[in-house]
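Visitor: Here it is, the structure in full.
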Amino acid sequence: MIENNKCSNTKLFKLSALAASVAVIAGAFAAPVSADATFESDSGWKAGFNGHIPIFAVLGNYDDPTDEDSFTITTGFNPATLQTNIYAPMQNGLEVSGHFQMNADIAPGDANANFRSRVSEIAVAGEFGQVNIGKGFGIFGVPAIGDNGSALGVGLIGGPDQVAATAGRIGNGYFYANFTPRVMYTSNNLGGLQFKVGLFSPSKVDDDTTSLDDDAEYSMPRIEGNVVYSTDMFSLWSSAFTQDVDSKTGTFDDYTMSGIDFGGSVSLGDLNVRGNYSVTSGTGNDVFAARLDPNEEDASQWYVETTYQINRTTLGASYGEGEDDINSSDNDTDLTMIFARYAATDALTLMAEYTTLGTEGGQGEYDAFIVGSQLTF
């Protein structure tokens, strides 16, 4: 017993010492300048760009697959992003624009780099509202994803070898909206009430145990929608989706994926509290991926977060759980996040975070100390 305590104290000392070193190193990550650029032609066309570069140093102790300590430098929940926007001159009461986004993860060596585009779409706005055509962010699960901890932080980490964007509160608080080809309508603000509805390319079956993936067909689009009511003090929202999955040969029964969530936030001076609850059927707790076993397709999750603003510093804590009945109890997880943000300038934010993941089965648990910074331009 004494020997076990000695090992535990030694590991704690190592983690504390390395965490202190990480905090010193993080200063090297902070980009000292910000930029903003907009261009306009004589004919009225406009073009501009914006984005962010988040960099984190992560020191973690992981229980899966073995008891392992790990240090890595990575992006957070959001990868490094460059957003380009092009606006045509207004004609016939229509504002037409194009939006293209490039994203990059932080990984050692070019071979492991993940460089991709999440957004490529046309937006048409007028007195009727706005229509978006192309690939972009979804509707179901938004604005639950706007929690302060995930928006600028790390959250759920995939493991000791994490090199891509992390998962925030996906599966432990909200269902990820994802970036998908769609046609989406957004209403004007109607006295604080606004809604969205869209037709999306269907999500595909992800079945690891059989070869039924090839037998699935998707003859109808996925439908998503949400409604948000906002005032200066509070915001309330709800969103939902539905999608049919059919069998070409009748090997499995046709079924429907679906989900709904409810959430809200309230601000009292410098204090903000927000929460969200979601339940889905026919899909798991991480992303839109259908499952064929009717006994392994239900999931639920929730989170509560509170933040307090002190001048240019934001202090926050959040807790959330996810429950997914696929295979075993190991899919019942809880994620705790404690974080601090300091706006060194309008463009540069310095961050510190402590994250711990617990599981009912004990596998995959970890603790992580995180420091970093983000340049927003």
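The values are calculated or read from the model by the stated rules, or taken from the named source; none is laboratory data. In this text, all values refer to a predicted model and were calculated from it rather than measured experimentally. Quick reminder, even Gly has a Cβ in these numbers, built from the backbone with ideal geometry, and neighbours come from all protein chains shown. For accessibility, only protein heavy atoms count, side chains too; no ligands or nucleic acids. Shrake-Rupley method; radii C 1.70, N 1.55, O 1.52, S 1.80 Å.
Visitor: Being part of a loop (DSSP other than H, G, I, E, B) and more than 23 Å from G153 (Cα to Cα) is the filter here; which residues of the stretch 44-95 pass it? So that I can check it myself, show each step before the final result.
Guide: Residues of the stretch 44-95 part of a loop (DSSP other than H, G, I, E, B): 44-45, 63-67, 75-79, 88-90, 92-93.
Those that are part of a loop (DSSP other than H, G, I, E, B) and more than 23 Å from G153 (Cα to Cα): G44, W45, P65, T66, D67, A88, P89, M90, N92, G93.
Visitor: Then there is this: Any chance you could count how many residues in the stretch 202-212 are open to solvent by less than 50 Å² (accessible area, probe 1.4 Å) and at pLDDT 70 or above? Steps first, answer last, please.
Guide: Going residue by residue through the stretch 202-212, those that are open to solvent by less than 50 Å² (accessible area, probe 1.4 Å) are 202-203, 205, 207, 212.
Adding the requirement that they be at pLDDT 70 or above leaves 202-203, 205.
Total meeting the criteria: 3.
Visitor: Could you list, in sequence order, the residues of the stretch 278-308 that are over 17 Å from G320 (Cα atoms) and modelled with pLDDT of 90 or more?
Guide: Once the filter is applied, which keeps residues that are over 17 Å from G320 (Cα atoms) and modelled with pLDDT of 90 or more, the stretch 278-308 yields only Y308.
Visitor: Restricting the stretch 330-377 to residues that are part of a loop (DSSP other than H, G, I, E, B) and either under 16 Å from D69 (Cα atoms) or of a type in the set (K, R) (or both), which is modelled with the lowest pLDDT?
Guide: First, the residues of the stretch 330-377 that are part of a loop (DSSP other than H, G, I, E, B): 332, 344-347, 360-365, 377.
Now restrict to residues that are either under 16 Å from D69 (Cα atoms) or of a type in the set (K, R) (or both): 363-365.
On the way: Q363: 65, G364: 78, E365: 90.
For the stretch 330-377, the residue satisfying everything is Q363.
Visitor: Now for a separate question. Can you tell me how many residues in the stretch 227-279 are hydroxyl-bearing (S, T, Y), open to solvent by 60 Å² or more (accessible area, probe 1.4 Å) and under 23 Å from S187 (Cβ atoms)? If you could, list the steps in order and put the result at the bottom.
Guide: Initial filter on the stretch 227-279 (hydroxyl-bearing (S, T, Y)): 229-231, 235, 238-239, 242, 247, 249, 251, 255-256, 258, 265, 267, 277-278.
Narrowing the set further to residues that are open to solvent by 60 Å² or more (accessible area, probe 1.4 Å) leaves 229, 249, 251, 256, 277.
Cutting the leftovers down to under 23 Å from S187 (Cβ atoms) gives us 229.
Going through the stretch 227-279 one residue at a time, the tally reaches 1.
Let's see how each residue does on (1) of a type in the set (G, A, S); (2) open to solvent by 50 Å² or more (accessible area, probe 1.4 Å); (3) over 30 Å from Y308 (Cα atoms):
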position: P108; (1), (2), (3): no, yes, yes
position: F115; (1), (2), (3): no, yes, yes
position: A123; (1), (2), (3): yes, no, yes
position: G126; (1), (2), (3): yes, no, yes
position: G129; (1), (2), (3): yes, no, yes
position: G136; (1), (2), (3): yes, no, yes
position: V142; (1), (2), (3): no, no, no
position: G149; (1), (2), (3): yes, no, no
position: L156; (1), (2), (3): no, no, no
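Visitor: Just name the residue that is farthest from A164 (Cα to Cα) out of those in the stretch 54-78 that are in contact (Cβ under 8 Å) with a residue 60 or more places away in the chain and polar (S, T, N, Q).
Guide: N61
Visitor: Does V119 fit the bill of being in contact with a Gly (Cβ under 7 Å, 6 or more places away or on another chain), outside any loop (DSSP other than H, G, I, E, B) and of a type outside the set (S, T, Y)? Outline the logic, then answer.
Guide: On the way: in contact with a Gly (Cβ under 7 Å, 6 or more places away or on another chain): yes; outside any loop (DSSP other than H, G, I, E, B): yes; of a type outside the set (S, T, Y): yes.
It is true that V119 is in contact with a Gly (Cβ under 7 Å, 6 or more places away or on another chain), outside any loop (DSSP other than H, G, I, E, B) and of a type outside the set (S, T, Y).
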